[in-house]
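Working notes for the structure below.
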Amino acid sequence: MEGGRRFGRLESDSWADIGKVRGARVLVAGVGALGNETVKDLALLGFRHIVVADPGVVSEPDLGRCLFFRERDVGRKKAEVVAARVKEMCPAAAFTPDTDTIQKAEGWNYDVVLGSMGSVHGRIYANSRSKMFRVPYVDAVVDGFRGRLQVVLPDGPCLECGMSRSKESPPAPDARKPADATTVAVLAGMQAREALKIACRRFDLCVKGVIYYDGISGRVEVLGMGIDRACPNHVPLKHSRRWRRRSAPCPGQRYSWPNLPRA
Ligand SMILES: [Zn+2]
C-alpha cells in the first residue's frame, strides 16, 4: 500500500497532479546507464505504468555505471532485470519488460515515450513513430560529460528538424564516449521532469528547443529550434513518401494495461 504522504513533495507543485502521473502509460526505450536512472526517477515521482524496452543483455562494464544491475545479472536481459528491480521499489505497480528492439514495438498507446538509446537509428525511429501517433517524445543522450535533451511534442519541431538533409550518415553510436555517471544523473533527472510535465498535460511548461549540458563546465544551454518544413515528419501526409511506407495497417495494441484508476 502506498501511503498518502509518499508524494507529498510532488503535490506541493501546484501544477502537478499525482493522479495523472500514476495513470500515465510510459515507454522507456533503452535501459543502459541513462535508462536505469530515468526509470528510478520515474518510480520515485509516482509513475506506475512503465514498459521498459531494451533488446540488450547486461555485460560486465554495465555494472560500473548502471544502478539496477548486479554481478549475478551478467548475461540476463537488461529490460527484465530493470523491470524486476524497480518492482522491488514499488510492488503494486506495473513495470513490464520488452526485450525486442524499438522497431518491433507495436501499438504506441502511450502517454509519453522516453528515448534513452545509444542507437541513432533507434532514436530517429522513436521520434518518427511518436510524431505519427502524436505521442510526446523526450529524447536524451549522453556522450562522456556532455548531454543533449529534446522534448518532441505533437505540434512542435522534432529530432529530425535539427538534422542535415544531406546524404551523410548520422554519427556511429560507438563514436560516443562512455557515459559519465554524474552527467547521466543530470540528464535522467531532466528527462523524468519533462515526463512529469507531459503526464500532467502541461505542455506549456516543457523545455522548448534543445538542451545541451556540459558536465565539466557545468554550463546548460538551450538552443532554439523551429519546425523544418523539409523534415519528413512535417510534410503533409498525402505528399510524403514515408507516409506510403507507414500506411500499412497499424498492429493492434501490444500491451494490456492493468486497470488501475486514471485521473
Ligand atoms: Zn521534424
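What the table below lists for this structure:
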{"read-out": "Built amide H within the under 5 Å cut-off of VAL112, gap 5+", "value": "ARG25, LEU27"}
{"read-out": "Estimated inter-spin distance, ASP100 and LEU63, nm [label 7 Å along Cα→Cβ]", "value": "3.2 nm"}
{"read-out": "Order by protection proxy (mean Cβ within 10 Å, highest first), peptides 22-31, 184-193, 102-111", "value": "22-31, 184-193, 102-111"}
{"read-out": "Accessible area of the range 78-218 divided out per residue, in Å², using a probe of 1.4 angstrom", "value": "42 Å²"}
{"read-out": "Local electrostatic count, VAL57, Cβ distance below 12 Å [Lys/Arg +1, Asp/Glu -1]", "value": "-2"}
{"read-out": "Accessible area of the range 37-171 belonging to carbon and sulfur atoms, whole % at 1.4 Å probe", "value": "51 percent"}
{"read-out": "Net charge contributed by nearby residues that have their C-beta within less than 10 Å of VAL28 (K/R +1, D/E -1)", "value": "-2"}
{"read-out": "Distance (nanometres) between label positions extended 7 Å along Cα→Cβ at GLU221 and LEU205", "value": "2.8 nm"}
{"read-out": "Additional length obtainable on full extension of the chain from HIS121 to VAL235, 0.36 nm per residue less Cα span", "value": "39.0 nm"}
{"read-out": "Linear extension gain, MET163 paired with ASN109, 0.36 nm per residue minus alpha-carbon span", "value": "16.7 nm"}
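The values are calculated or read from the model by the stated rules, or taken from the named source; none is laboratory data. All values derive from a computational prediction rather than experimental measurement. In this analysis, Cβ positions are derived from the backbone assuming ideal geometry, glycine residues included, and neighbour counts consider all displayed protein chains. Side chains are part of the model used for accessible areas, which takes the heavy atoms of the whole protein and leaves out ligands, DNA and RNA. Shrake-Rupley method; radii C 1.70, N 1.55, O 1.52, S 1.80 Å.
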